[in-house]
1. Mind putting a number on the dipole of segment 104-193 about its Cα centre? Charges go on the C-beta only, +1 for Lys and Arg and -1 for Asp and Glu, and I need it in Debye to the nearest 20.
2. State to the nearest 20 debye the size of the charge dipole of the chain about its Cα centre, where the only charges are +1 on K and R beta carbons and -1 on D and E beta carbons.
3. Which of S221, S442 has the fewest other C-beta atoms within 10 Å, and how do the rest follow up to the most?
4. Say the dipole of segment 245-316 comes from +1 at the beta carbon of Lys and Arg and -1 at that of Asp and Glu; which of L299, V247, P259 then lies farthest toward its positive end?
5. Can you work out ³J(HN,Hα) from phi for every residue in segment 371-381, in order, using Karplus 6.51 cos²θ - 1.76 cosθ + 1.60 and θ = phi - 60°, giving whole Hz and x for Gly and Pro?
6. Show me the ranking of peptides 349-358, 165-174, 471-480 by mean Cβ neighbours inside 10 Å, starting with the highest.
7. Distance in nm between label sites at A412 and D206, each 7 Å beyond Cα in the beta-carbon direction?
8. Between N398 and R8, how high is the FRET efficiency from 1/(1 + (r/R0)^6) when r is the Cβ-Cβ distance and R₀ = 56 Å? Nearest 0.05.
Amino acid sequence: MHDHAGQRVRKVVILGGGTAGWMAAALIARVLGGRVAVELLESEEIGIVGVGEATIPPIRTLNAVLGIDEAEFLRETRATIKLAIRFENWREEGSAYYHTFGTAGRNTAFAAFHHFWTRARKLGLPGSYWDFDLNYLCAQAGKFAPTEGNDPIWDMPYAFHFDAALYGRFLRRYAEQRGVIRTEGMVADVQRMAGVGNVSALVLRDGRVVHGDLFIDCSGSRGVLIQQHLGTGYEDWSHWLPCDRAVAVPSERFAQTLPFTRAIAHGAGWQWRIPLQHRNGNGLVYSSRHLSDDAAAALLMANLESPALGEPRLITFRTGRALRQWNRNVVAVGLASGFLEPLESTSIHLIQSAIVRLLHLFPHQGITDELVAEYNRQSRIEMELIRDFIILHYHVNNRHDTAMWRDLRNMAVPERLARKIALFRANGTLVQDQYDIFMEPSWAQVLIGQGVLPVDHHPLAAETPAQDFAAQLADLARIKARPLASLPSHDAYLEKVVGLNSPTLTPDRPVPAGRG
């Protein structure tokens, strides 16, 4: 690799469009526009996975970096607001809890609110942890408007649900306006440097040759460069996360658009429901060991809450990650870099963080071993922490109805996760890991929601005498709920920002899947 030092990266070639390719193109063009040329190679012949996608709040930072107007973004991608995910039947059948983007109560410097809530529970005070969470209160009431800039107690972080094919197209227009060259074609061969092994060019079927210094592999689960040509290898995580397939189908939109995603557990997997302006996205993620493809499709179709707009299509995957996200002069982004099921809406975030990380560590006078090693170290930790967070939902369960749930409850989990669960159970302690995209309130909500209740709490939560403590908490719940009365409904907000009932958005027919 050191033979390569001194070769400045003047041109980046992105293989593959879709959300991953166009997000990479847009960000690199925005940040390094004058310094590097960007060419994206994609083919109309290759479809994209492009289902309705749910996201997490950092996407708003991405939009801000790109300088994208939120109203235009909401309009162009048929987006709705996401305040939370509602997990149904996860702890046990009939149970439900929310993982919101908010923070319950008011945190103190040394003891998070869940310590105070633990004391309340031990004192037998009524009410739930979520009564103190504005995101939850608004999700329940179907209300939304941005609340930033007031007291932090009324902070209501949010993300979006959007049509991934439309988002890809939106980013493509953005990138092309900023000088990204799009080339249509299929790769027939890959040229590599003698002795070094780095990729030097992609040869297209019609003989054209696309040269580059740094290649970004956004070719999806095929991993054309990272796996097929560089043979990077793959670390399989399916022993912890056995779901390996999904069936997806759009359905008609609801009269009322809810500002949250639903994740509904079934006997051998779980179902998503993502509300968009013009339709609903639906899918069933399942384990093929425990459920046949036909049975999965039938189960999904039987559990739609509005008429289907098409036939269910099958998506197969293998949970895990490429052993190195950056190998030689190829960086894998999106599905080429690995896969985690969309239970916590992390797919698009992993694309975003991969490119942001590349921009932080972008080589100047040439790719060095040190940069590559640091990129891979951060990528690995981030992916493992998300993996652990997803395992948590499955592992801590009280379902006895099917083999899958019993197996997951009894399996050995990664050591870091086992430690986290034990520490929280003992006294509510949570330690924020570096590169964990999920903060303390997220872990607390899922742990509590799945039934891990702390035995003890922080001493600071016991300072106030019991009779005053109840009054204090009741006060806090009232303060937290104060904005509710003045907030519009989610649909009224969308109507105001994008004109939800304008002719372009009539839900008469689905937008074609498109080739993003």
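Only the coordinates and a few stated rules stand behind these numbers; no lab work does. Computed from a predicted structure; not experimentally measured. Positions of Cβ are generated from backbone atoms using ideal geometry, with glycine treated the same way; all protein chains shown enter the neighbour counts.
1. Working: 11 positive and 9 negative charges, 33 e Å.
So the magnitude is around 160 debye.
2. Details: 53 positive and 54 negative charges, 56 e Å.
The calculated dipole for the chain is roughly 260 debye.
3. Fewest-to-most ranking of S221, S442: S221, S442.
4. Towards the positive end, the residue furthest out is P259.
5. Using θ = phi - 60°, the values come out as 4, 4, 5, 5, 4, 5, 5, 5, 4, 5, 4 Hz.
6. Listed from highest to lowest mean packing, they are 349-358, 165-174, 471-480.
7. Roughly 5.6 nm, to one decimal.
8. Details: r = 57 Å, r/R0 = 1.03.
Using R0 = 56 Å, I get an efficiency of 0.45.
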